[in-house]
Amino acid sequence: MGLTEPKVVSGPSGYILEDVPHLSDYIPDLPTYHNPLQDNPAYSVVKQYFVHVDDTVPQKVVVHKDSPRGTHFRRAGPRQKVYFESDEVQAAIVTCGGLCPGLNTVIRELVCGLHHMYGVTRVLGIEGGYKGFYSRNTIALTPSSVNGIHKRGGTILGTSRGGHDTNKIVDSIQDRGINQVYIIGGDGTQKGASVIFEEVRRRGLKCSVVGIPKTIDNDIPIIDKSFGFDTAVEEAQRAINAAHVEAESVENGIGVVKLMGRDSGFIAMYATLASRDVDCCLIPESPFYLEGPGGLYEYIEERLKENGHMVIVIAEGAGQELLSASMQSDKKKDASGNKVLLDVGLWISQNIKDYFAREKTLAITLKYIDPTYMIRAVPSNASDNVYCTLLAQSAVHGAMAGYTGYTSGLVNGRQTYIPFYRITERRNNVVITDRMWARLLSSTNQPSFIDVEVSNEDENGKNPLDQLADGHCLEDTLVDENGSISTAIAC
Ligand SMILES: Nc1ncnc2c1ncn2[C@@H]1O[C@H](COP(=O)(O)OP(=O)(O)OP(=O)(O)O)[C@@H](O)[C@H]1O
Ligand SMILES: O=P(O)(O)OC[C@H]1O[C@](O)(CO)[C@@H](O)[C@@H]1O
Ligand SMILES: [Mg+2]
């Protein structure tokens, strides 16, 4: 059996539905059941509570009068008919990859959603990420055991990188009789979920494989934003405030703050836009240089002469090419195959200090703040908690309705089911030729560094200005006119 073919349905005026797989695609004659929510007083009174079979959500909301209707995703939510009886369900939940605010909230809401909405009592927590399926114990999760966990950072299940052995994982799913598996994690995790789904399907198992996107880097495409992102941006404000206070309290003070963002600079960009105290934001997508006209040193000097202090925010993945050139280091990888980054915060701080010591143009005082792990280890804020609840409930409705091989995600403010291949095909990046980055440049007044570096290619031989030519990000540009981060921030 080959890989699952994308289920693409087209309609009039260029309408396209990129649908998700269903258990009935490969298991014939599956029985259906009355949705128990129809008897639940909380839901049965709500008119049109059940999602219409034809409800879909457009990927692109900014259109021209003659443009085709474009790609749509299946709208998430409860269906009239379900493919599982309550006492038949054996669900499992696993968290993989790095931490992110809201992981415990999603776990809690999956357990409570299954229990309270569908009467499902058997939910297993897989400990320690993917490898936990075959090397660790499981824990029984109940509404009472998960009751207060949303107030805690981290994940009560533990997490890990690496250790994705598809056969062993699916053997474990089969041996334990798991028929709904909820996999919470970032881009790597969703790729892992996709291969688990393919193997489950190849074996003909009645098991829904559901991904829930998690990443504070916000590097998962299609979705408006990842849960925990708002919390991380909010937490980053504390570090930026501290850097600003330190910098403005001394003569020629410079505060440097390093934030997470391996390949995507969204946290740094939004933290900068939110703060208004930042004079320069450096992200992986926008190469910069230090020396000479239009370079960082020149800008710092100008800013200090003008203001007497400045704050620099740098994403951990920024300037890595400059560091590796100066440090001649080996390119190390973590257990999942992600490149291990050199500490750009320390490096840039030292370089700025050395420059001013050498040039003697100004006597500076520089303070470096590295809140890296603090912004992701905190519990989720109120809006992320609500977001996590909707994501988890949508995931449960989809699995109960027999859908599988999908990531549950917010698209243009609506909960949807997105096929894995759309989630895993590329990474979401800040588009430096887009309006959001222009807004940032005009708020900080920093140099764009583009003119001189226009010919710089990254390690994949790509030029940052080619982002638009790739077409991906243009298609996904969904930021509204107010720049609200509660709406689409894909590019
Ligand atoms: N291509 C892949 N195929 C199968 N499994 C994968 C793949 N890429 C990553 N994984 C598995 O997914 C899990 C998480 O991956 P990774 O460490 O890259 O974190 P992530 O999910 O991308 O989250 P984040 O980057 O936000 O921390 C790991 O257990 C890893 O082995
Ligand atoms: O040190 P760890 O746990 O590998 O995580 C670091 C990485 O995880 C992330 O937070 C993504 O989850 C990146 O921003 C960061 O590079
Ligand atoms: Mg990742």
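The values are calculated or read from the model by the stated rules, or taken from the named source; none is laboratory data. What you are looking at is a predicted structure, and each value in this text was computed from that prediction instead of being measured. Virtual Cβ from ideal backbone geometry, glycine too; neighbours counted across all protein chains shown. For the accessible areas, the whole protein counts, side chains as well, though only heavy atoms, and no ligand, DNA or RNA atoms are used. Shrake-Rupley method; radii C 1.70, N 1.55, O 1.52, S 1.80 Å.
Report the relative contact order of the stretch 1-64, percent, no decimals, based on alpha-carbon pairs under 8 angstrom and at least 6 residues apart.
Reported relative contact order: 17 percent.
With axes computed from alpha carbons, what is the tilt in degrees of helix 266-275 against the longest principal axis of the chain, rounded to the nearest 10 within 0 to 90?
Orientation of helix 266-275: about 60 degrees from the principal axis.
Measure out, as a whole number of angstrom, how far apart the alpha-carbon centroids of the stretch 17-58 and the stretch 84-160 sit.
23
Need the full-extension length gain, Leu3 to Ala335, defined as separation in residues times 0.36 nm minus the C-alpha distance. One decimal, nm.
Here the segment from Leu3 to Ala335 would lengthen by 116.9 nm.
Give me the one-decimal Kirkwood hydrodynamic radius in Å for the chain, with the sum taken over alpha-carbon pairs.
23.8
Along the positive direction of the dipole of the stretch 229-378 (beta-carbon charges: Lys, Arg +1; Asp, Glu -1; about the Cα centre), which of Pro293, Leu362, Ser349 reaches farthest?
Result: Ser349, furthest along the dipole toward the positive end.
What whole-number distance in Å separates the alpha-carbon centres of the stretch 349-394 and the stretch 298-319?
15
Can you work out the FRET efficiency for the pair Leu346 and Asp29, with r the C-beta to C-beta distance and R0 = 51 Å, to the nearest 0.05?
0.25
When only alpha-carbon atoms are used, what values of Rg and Dmax, in angstrom, describe the stretch 229-378?
Here Rg and the maximum Cα pair distance are 15.0, 47 Å.
How big is the antiparallel share of DSSP beta bridges in the chain, given as a percent to the nearest 5?
Restricted to the chain, the bridges split so that about 40 percent are antiparallel.
Given labels modelled 7 Å from the Cα in the Cβ direction, how far is it in nm from Ala382 to Val61?
2.2
Share of the chain's accessible area from carbon and sulfur, percent, 1.4 Å?
Carbon-and-sulfur percentage of accessible area, whole number: 49.
For Cα pairs less than 8 Å apart in space and 6+ apart in sequence, what is the mean separation divided by the residue count of the chain, i.e. the relative contact order in percent?
20
Report, in deg cm²/dmol and to the nearest 500, the calculated mean residue ellipticity at 222 nm for the chain, where each DSSP H run with n ≥ 4 adds -39500 (n - 2.57) and the sum is divided by the residue count.
After summing the helix terms and dividing by the residues of the chain, the value is -9500 deg cm²/dmol.
Select from Cys280, Thr159, Tyr26 the residue farthest towards the positive end of the dipole of the chain; place +1 on Cβ of Lys and Arg, -1 on Cβ of Asp and Glu, and compute about the Cα centre.
Selected residue: Tyr26.
At 1.4 Å probe size, what's the solvent-accessible area of Lys353? Round to the nearest 10 Å².
Its accessible surface works out to 90 Å², give or take rounding.
Toward the positive end of the charge dipole of the chain, about the Cα centre and with charges on Cβ (Lys, Arg +1; Asp, Glu -1), which of Ile375, Leu124, His397 goes farthest?
Leu124
Between Gln80 and Arg136, what is the label-point separation in nm under the 7 Å Cα-to-beta-carbon projection?
For the pair Arg136/Gln80, the computed spacing is 4.3 nm.
Placing +1 at every Lys and Arg Cβ and -1 at every Asp and Glu Cβ, with all other atoms neutral, what dipole size does the chain have around its Cα centre, in debye to the nearest 20?
1500
Full-extension gain between Lys305 and Arg435, please, as 0.36 nm times their residue separation minus the C-alpha to C-alpha distance.
The Lys305-Arg435 span can extend by a further 43.9 nm.
Please give the helix 103-112 orientation as an angle from the longest Cα principal axis of the chain, in degrees from 0 to 90, rounded to the nearest 10.
The angle comes out near 20 degrees.
Report the charge-dipole magnitude of the stretch 229-378 in Debye, nearest 20, computed about the Cα centre from +1 at each Lys and Arg Cβ and -1 at each Asp and Glu Cβ.
360
Mind giving me the FRET efficiency for Thr166 and Leu362? R0 is 60 Å, r the Cβ-Cβ distance, nearest 0.05 is fine.
Between Thr166 and Leu362 the formula returns 0.55.
Exceeding 26 Å between C-alpha atoms, which entries from my cross-link table qualify? They are Lys206/Lys339; Lys131/Lys339; Lys258/Lys305; Lys60/Lys214; Lys168/Lys191.
In this structure, Lys206/Lys339 lie more than 26 Å apart at Cα.
Averaged per residue, what accessible area in Å² does the chain show with a 1.4 Å probe, protein chains only?
41
Just want to confirm a number: the relative contact order over the stretch 1-126, from Cα pairs under 8 angstrom separated by 6+ residues, in percent.
Value for the stretch 1-126: 26 percent.
Using a basic spin-label model with each label point 7 Å from the Cα along Cα→Cβ, how many nm lie between Thr121 and Ser145?
It works out to 1.4 nm between the two label points.
Treating the angle as unsigned and between 0 and 90°, give the value, to the nearest 10°, between the Cα long axis of helix 344-359 and the longest Cα principal axis of the chain.
That works out to roughly 10 degrees.
Where nothing but the Cβ of Lys and Arg (+1) and of Asp and Glu (-1) is charged, how large is the charge dipole of the stretch 1-140 around its Cα centre, in debye to the nearest 20?
That gives the stretch 1-140 a dipole magnitude of about 440 debye.
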